[in-house]
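Peer 1: Dropping the structure in here first, questions after.
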Amino acid sequence: MNTDALDKGADTPVPKDSLTLASGTDALPEDPADAPEPTRSRWSLSRWVWGLVLIVLGGYFLFLYSYPVVINYPGPTFDVLGKDSKQTPLIEVKGAKTYPNHNGQLRMTTVSSLGGPGSMVSGWDLIMAAFNPNATILPVDVVYPRNVSSKDIKKLGVQQMDQSQLSAEAVALETLGYNVKITWSVAEIAKKSPAFGVLHRKDVVRTIARPGQTPVTVHTVEDLRKFLEGVPGGDTIELGIVRDGQAQTVRMKTAPAKLPKGKIGKGSQLSIYLASDVKIPLDITFHLQDVGGPSAGTMFALGIVEQLTPEHLTGKSVIAGTGTIDLAGKVGPISGIAQKMAGAKADGAKFFLAPTQNCDEVVGHIPKGLTVTKIGTFSEALDAVQKIRDGKTSELPQCTVPAQK
């Protein structure tokens, strides 16, 4: 081989597929792949900026933006027959002999809520709730009135809890035969009602009757409602009242009963607001902290009766439940029934007492292993507890799917 030719490059054959130079110089051509480099650098910077913007926006809407919803989760349950952290009975009764039940449980149920005044729901909270079968997401306007503060809500919850406890005491003790004195006084009178100018604020309403008929004692607001259902609007009635300590009878006409949306209902109404004054013959204290609302009334009443009954109503059963209660012993509907059933099951309850008016929300949401029975009055709640104790669970009334119209 001619090494000199190789060294000088003069006689080196050129391959047919090689790149030939346009000029006679020995400089190599510019690499075409390097030409767009400045454009690609600008594009990379732009993508980096947009990526950062999207990350910041995503983080904001995921963690910092507050969504106008309320998320309900199962809350803790409390055994009203048990004790608090200081070993004080949750319901403490003084003035009568009590009979503690150390085997059975009566668990009041709660709902834990996230959102609304003073509370924030983030995008992450929404994602977690969407994958939680026991969570419910509701628009905030459905749950809370507008223009209310967290302080207002807490105050209302405390007032509702106090009223539910008072009603529970009255209903439970009346059930046991105690003399509970309940009086109803006029708190407010509608200006355009027939009662305006006839009744005065703080008048105590004792009886109601039609002229010439035997008066009916007004023990609860329900007594008034039942009586007025049979009185057409515009008819005259007589009220036995106490004004400034003096008993007297006043006559007045009734107003037509009105239903929502301005429709006229059956019977009549007085168009007044009444306030109750309840005298409880025993000293009953509820040691329950940081829980508000009216929904524990029925379970409180059951707990009082259980403590004052030598023959335990609950036996060894773990029974949970919910429901408001009024002074007439009527059990009313509550919110968050699905979450309360889930919380009860998680805390070991086998049976659950649900207000009859919540049956449409009960059907289809009962946790496996939990038996739910409907109750409309306190007497029905007592009957259900005794049936559970005696093993007659097949006789418990069940919620059913309402017939389609």
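The values are calculated or read from the model by the stated rules, or taken from the named source; none is laboratory data. Quantities reported herein were computed from a predicted structural model and do not represent experimental measurements. Cβ placement follows ideal geometry from the backbone for every residue including glycine, while neighbour counts extend to all protein chains displayed. Heads up: the accessible areas ignore ligands, DNA and RNA and are worked out on the full protein's heavy atoms, side chains in. Shrake-Rupley method; radii C 1.70, N 1.55, O 1.52, S 1.80 Å.
Peer 1: Suppose the chain between K191 and K279 were pulled fully straight at 0.36 nm per residue; how much longer would it get relative to their current alpha carbon spacing?
Peer 2: Details: separation 88, 0.36 × 88 = 31.68 nm, distance 3.09 nm.
Using 0.36 nm per residue and subtracting the Cα-Cα distance, I get 28.6 nm.
Peer 1: If you put +1 on each Lys and Arg Cβ and -1 on each Asp and Glu Cβ, how big is the dipole of the chain around its Cα centre, in Debye rounded to 20? If you can, show how the numbers build up before the last one.
Peer 2: Details: 42 positive and 39 negative charges, 527 e Å.
About 2520 debye.
Peer 1: I'd like the per residue volume of the convex hull spanned by the Cα atoms of the chain, given in cubic angstrom. Mind dumping the intermediate values first?
Peer 2: Working: hull volume 138.7 nm³, N = 405.
Enclosed volume per residue, from the Cα hull, is 342 Å³.
Peer 1: May I pose another question? Mind ranking 124-133, 269-278, 48-57, 325-334 by how tightly packed they are, going by the mean number of other C-beta atoms within 10 angstrom, highest first?
Peer 2: On the way: 124-133: 13.1, 269-278: 17.0, 48-57: 10.1, 325-334: 21.8.
Ranked by mean Cβ neighbours within 10 Å, highest first: 325-334, 269-278, 124-133, 48-57.
Peer 1: Now for a different question. Once you have the Cα-Cα distance between V221 and V49, take 0.36 nm times their residue separation minus that, and quote the gain in nm to one decimal.
Peer 2: Numbers: separation 172, 0.36 × 172 = 61.92 nm, distance 6.81 nm.
Separation in residues times 0.36 nm, less the Cα-Cα distance, equals 55.1 nm.
Peer 1: Counting Lys and Arg as +1 and Asp and Glu as -1, each charge on the Cβ, what is the dipole of the stretch 181-279 about the Cα centre in debye, to the nearest 20?
Peer 2: Working: 17 positive and 9 negative charges, 62 e Å.
It works out to roughly 300 debye.
Peer 1: Rank C399, F378, G240 by how far each Cα sits towards the positive end of the charge dipole of the chain (+1 on Lys, Arg Cβ; -1 on Asp, Glu Cβ) and give me just the farthest.
Peer 2: Farthest towards the positive end: G240.
Peer 1: Multiply the residue separation of T249 and S379 by 0.36 nm, subtract the distance between their alpha-carbon atoms, and state the gained length in nm to one decimal. Walk me through the numbers before you get to the answer.
Peer 2: Values: separation 130, 0.36 × 130 = 46.80 nm, distance 3.42 nm.
Going from the current span to full extension adds 43.4 nm.
Peer 1: Tell me the net charge near V318. Cut-off is 9 Å between Cβ atoms, V318 excluded, with +1 for each Lys or Arg and -1 for each Asp or Glu.
Peer 2: Numbers: positive: R107, K316, K350; negative: D79, D347.
That sum, taken over residues with Cβ under 9 Å, equals +1.
Peer 1: A further question follows. Keeping every protein chain present and rolling a 1.4 Å probe, give me the accessible area per residue for the chain in Å².
Peer 2: Numbers: 24270 Å² over 405 residues.
About 60 Å² of surface per residue is accessible.
Peer 1: May I pose another question? Measure out, as a whole number of angstrom, how far apart the alpha-carbon centroids of the stretch 264-341 and the stretch 65-122 sit.
Peer 2: About 14 Å separates the Cα centre of the stretch 264-341 from the one of the stretch 65-122.
Peer 1: Among M341, M108, M120, whose mean-square fluctuation peaks in a Gaussian network model of the chain (Cα, cutoff 10 Å)?
Peer 2: M120
Peer 1: Something else about it: Checking the table K83/K151; K83/K350; K151/K279 against a 24 Å threshold on Cα-Cα, which pairs fail? Show your work: numbers first, answer last.
Peer 2: Numbers: K83/K151 29 Å; K83/K350 21 Å; K151/K279 30 Å.
Where the Cα-Cα span goes over 24 Å, the pairs concerned are K83/K151; K151/K279.
Peer 1: On the protein heavy atoms, probe 1.4 angstrom, tell me the percent of accessible surface of the stretch 181-279 carried by carbon and sulfur. Mind showing how you got there, number by number?
Peer 2: Values: 3090 of 6110 Å².
Reported share for carbon and sulfur atoms: 51 percent.
Peer 1: What order do you get for 378-391, 296-309 when each peptide is scored by the mean count of other beta carbon atoms within 10 Å, highest first?
Peer 2: Working: 378-391: 18.6, 296-309: 25.6.
Highest mean packing first, the order is 296-309, 378-391.
Peer 1: Heavy atoms of the protein only, probe of 1.4 Å, neighbouring chains included. What is the accessible area of R225 in Å², nearest 10?
Peer 2: Taking all protein chains as shown, R225 has close to 140 Å².
Peer 1: Just to confirm my numbers, what's the Cα centroid distance between the stretch 124-140 and the stretch 166-184 in Å?
Peer 2: Rounded to whole Å, the Cα centres lie 41 Å apart.
Peer 1: In degrees, nearest 10, range 0 to 90: what is the angle between the Cα axis of helix 337-346 and the longest Cα principal axis of the chain?
Peer 2: Result, in degrees: 80.
Peer 1: Ignoring everything except DSSP H segments at least 4 long, calculate the 222 nm mean residue ellipticity for the chain; use -39,500 (n - 2.57) per segment, divide by total residues, nearest 500. Don't skip to the answer; put the middle values down first.
Peer 2: On the way: 10 runs with 113 residues, N = 405.
Computed mean residue ellipticity for the chain: -8500 deg cm²/dmol.
Peer 1: To continue, here is another question. With unit charges on the beta carbons (Lys and Arg positive, Asp and Glu negative) and the dipole taken about the Cα centre of the chain, which residue among P294, Y144, P211 sits farthest to the positive side?
Peer 2: P211
Peer 1: Give the residue from V69, Y99, S185 lying farthest towards the positive end of the charge dipole for the chain; charges sit on Cβ (+1 for Lys and Arg, -1 for Asp and Glu) and the dipole is referred to the Cα centre.
Peer 2: Value computed over the given set: S185.
Peer 1: Any idea of V221's accessible area? Nearest 10 Å², probe 1.4 Å.
Peer 2: 40 Å²
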